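First comes the structure, then the notes that go with it.
Rule-based calculations on the coordinates, nothing more; no lab input. Note that this is a predicted model, so its numbers are computed, not measured. Counting neighbours? That spans all protein chains shown, and the Cβs are built from the backbone with ideal geometry, glycine included.
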Amino acid sequence: MSKLEETSKKLSAASCKSYQNPYEYLDWPEQLDREQWFFSEELISIYGSPEYESLSESQKKQLSFFEAVNFFSLNIHGEKPLVEGLARRLYSRELKDYADYLHHFLDEENKHMIYFGGFCNRYAGKIYRDKKLQIPRDYEAGEEDFLFFAKVMIFEEIVDVYNLRMAADERLENTSRKINRIHHLDEARHLVFGRQITEHLYEKYSKEWCSETIERLREYLGNYLVATWKEYYNPDVYKDAGLNSPYELMERAWKSQDRIALRQQVSASLIKYLRERNLIGEEIQL
Ligand SMILES: [Fe+2]
Ligand SMILES: [Fe+2]
């Protein structure tokens, strides 16, 4: 049995053990007390900026609510294509040995959207728009599967650092904190699978790919990493929180040294993994 088969067997057993009914996990209070933190203050996208410092405590908490709605929305936008892609790969010839685990993966992502969507729709009355663009193109054999799992891994590794920090943050409002906690518990398994399957597919197929394909793929993954981070800086959030010039604010926050340092710190282990396997270039500017 290959290492990946063994891992997916173990992960399936762990998923069975922590199987959750999504309609029982949360109480969904009628209303939320908006004078609480919904997102860890230090993770707020404009934290540390003069605009942020000028806000009252109550305004900062209002902003933290919309930052949470954005974080939950971007999770939905990552999980929708993930569920679609997992469903398409169920029982495919290449991945049939991991079909049992793909069922759990798919099931858990569907539940995550019930939590994230439940919060956004109930308390904000909306989900923020998806701004990522997908351009269809042709692939070499195995390249599309590889990219699918590599992108899932990049997306999930960043989210999980935020989940973990917020699950441990005692200042957080209970519903928001519990969503972060349950998401982290499932994601811990997805991340193990994500790293192993990305490596497995690369080793299996990349020998057959031409050098242009490998170069294109490295560039693509680097751009994907930056685009994933950009979703954490949403001008619609600033507008909803009553802040002026939301686009300029987004641009300044994105370029601030403090936020660059946060992005580097949060993605450090992911970047190390990608660099060690030569999957992104040295020139990535976060
Ligand atoms: Fe998820
Ligand atoms: Fe996941």
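Looking only at the range 195-224, which residues are closer than 26 Å to GLU5 by Cα and among the aromatic types (Phe, Trp, Tyr)?
TYR202, TYR205, TRP209, listed by residue number.
Within the range 169-273, considering only helices (runs of 4 or more DSSP H) that don't extend past its boundaries, which have at least 2 residues that are β-branched (Val, Ile, Thr)? Can you show your working first?
Working: elements: 174-205, 211-230, 235-240, 246-255, 257-266.
Once the helices (runs of 4 or more DSSP H) in the range 169-273 are filtered for at least 2 residues that are β-branched (Val, Ile, Thr), what remains is 174-205, 211-230, 257-266.
When the range 128-151 is examined, which residues are found to be out of contact with any Pro (no Cβ under 9 Å at 6 or more places or on another chain) and among the hydrophobic types (A, V, I, L, M, F, W, C)?
Within the range 128-151, LEU133, ILE135, ALA141, PHE146, LEU147, PHE149, ALA150 qualify.
Among the residues of the range 43-96 satisfying the criterion of being away from ligand 1 (no atom under 16 Å from the Cβ) and among the β-branched types (Val, Ile, Thr), which is surrounded by the fewest Cβ atoms within 10 Å (Cβ to Cβ)? Walk me through how you get there before you give the answer.
Step one: filter the range 43-96 for residues away from ligand 1 (no atom under 16 Å from the Cβ), giving 43-67, 69, 88-96.
In the following step, the residues that additionally are among the β-branched types (Val, Ile, Thr) were identified as 44, 46, 69.
Working: ILE44: 23, ILE46: 25, VAL69: 27.
So, considering only residues that are away from ligand 1 (no atom under 16 Å from the Cβ) and among the β-branched types (Val, Ile, Thr), the one surrounded by the fewest Cβ atoms within 10 Å (Cβ to Cβ) is ILE44.
Residues that are within 16 Å of ligand 2 (Cβ to nearest atom) and under 29 Å from ARG177 (Cβ atoms): list the helices (runs of 4 or more DSSP H) wholly contained in the range 46-160 that include at least 1 such residues.
Working: elements: 50-53, 57-89, 99-119.
Counting at least 1 such residues, we get 57-89, 99-119.
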